[in-house]
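The values are calculated or read from the model by the stated rules, or taken from the named source; none is laboratory data. The shown structure was predicted, so the numbers you read here are calculated from the model rather than taken from an experiment. Counting neighbours? That spans all protein chains shown, and the Cβs are built from the backbone with ideal geometry, glycine included. Just so you know, the surface numbers come from the protein's heavy atoms only, side chains and all, with ligands and any DNA or RNA stripped out. Shrake-Rupley method; radii C 1.70, N 1.55, O 1.52, S 1.80 Å.
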Amino acid sequence: MFKRATPLPQTQLFSDLPVRTITCGSASTQIAVHVHGEISDDVVPIVCLPGYVRNMSDFAGLPAAINRLPGTGFSFILIDLPGRGRSSYMGKGARYSTLADADCVLDVMAALDVPRAVLAGEGHGGQVAMIIAARRPLAVAGTILIDAGPVTDPRGLVRTRNNFRHLTALRSAPACRAALRKILSTDYPGESAARLDGFAQRIYAEDGRGKLRSLFDSQLIAQLEQFEFDDVLEPQWQLFDTLSHVPLMIVRSQLTDQVRRASFDEMVRRRRDAATLVISDQGSPALLEDAEEHQAMAAFLRDICRADEPDVGDRAASA
């Protein structure tokens, strides 16, 4: 059912997110980048980093939703990390790594002449954000960790691998669609079949012959072979502490299998100054569709991205 040929199937999600390609590291690594808004020296942009096999479509609706609120007008940089979405795949036998992903993000920022940014990372993207903070602390103006932290829950990794194995064993597109609905209904209970189909299209799509294809390199799945549900992964609290110099927002989906509640609570304990947000009745990735979520994120971003400007209330009072 799956193949790794190019080009990728055209999806409406991709059509709505036109990209430019930026070369990172060696000339063989091409990174797909979508910029929402105008990057300027006056406003710190937000760089959005998706999860392990995810792509920029998980953030597709967020920039416009936040920029509809007062005192925003932020620029957003959406990135497909190597091997995901419309970015290039690595050669046979090569390994993907968080360190290499962080280098690519820094290369993208340099190419766009962005010396500092707020990093919004979901899952694996949050790990990448912490690596960037460790390597280049002055490049990070603030961080939003979404279902991400210094202690990765192996359940999410194993589930991603097992779901892929299950889907690749199916022999028809209708069977794959039904399986994807069942998989996604555990993360988004109560959602309609049409909505679940839309969520599935973020990382799987049918090509011109009706064959289902993953919108990520299968090598990413191969690198998960070592993990099991009951593994205890080494905490990386020293990596989390690299964010101590910047404002932090910690977001957790109630049904996530990427970060356990105990890890979330410990992050909040260690960073009592952090903004927090818990999203009810959702797994990962968080849909980030609710108005209250947009307002919370906008409030956090205003204090960083427009720190040198008068407060929204101050501007209204002086008008």
Quiz prompt | Of A193, L81, C104, farthest towards positive along the dipole that unit charges on Lys, Arg, Asp, Glu beta carbons give the chain | solution = A193
Exercise. Could you do me a favour and compute the accessible area per residue for the chain, 1.4 Å probe, result in Å²?
Key: 45 Å²
Exercise. Kindly state, to the nearest 0.05, the FRET efficiency for T23 paired with H245, given R0 = 45 Å and r defined as their beta-carbon distance.
Key: 0.90
Self-check item: Packing rank of 245-256, 168-179, 62-73, 82-93, where each peptide gets the mean count of other beta carbons within 10 Å, highest leading
Solution: 245-256, 82-93, 62-73, 168-179
Quiz item: Using a basic spin-label model with each label point 7 Å from the Cα along Cα→Cβ, how many nm lie between T276 and I39?
Solution: 3.5 nm
Quiz item: Just from its helices, what would the mean residue ellipticity at 222 nm be for the chain, if runs of 4 or more DSSP H residues each count -39500 (n - 2.57) and the sum is divided by every residue, rounded to the nearest 500 deg cm²/dmol?
Solution: -10000 deg cm²/dmol
Quiz item: What FRET efficiency comes out for the pair Q238/R95, r = Cβ-Cβ distance, R0 = 25 Å, nearest 0.05?
Solution: 0.60
Quiz prompt | Gain on full stretching of the segment that runs from D16 to A64 - 0.36 nm per residue minus C-alpha separation | solution = 16.1 nm
Self-check item: Among A222, A32, A299, residue whose mean-square fluctuation peaks in a GNM of the chain (springs only between Cα atoms under 10 Å)
Solution: A222
Exercise. Take the chain, connect every pair of alpha-carbon atoms lying under 10 Å apart with a spring to form a Gaussian network, then pick out the residue of V128, V114, V44 with the largest mean-square fluctuation.
Key: V114
Exercise. Any cysteines in the chain with zero other Cys Cβ atoms under 4.7 Å from their Cβ? List them, or say none.
Key: C48, C176, C305
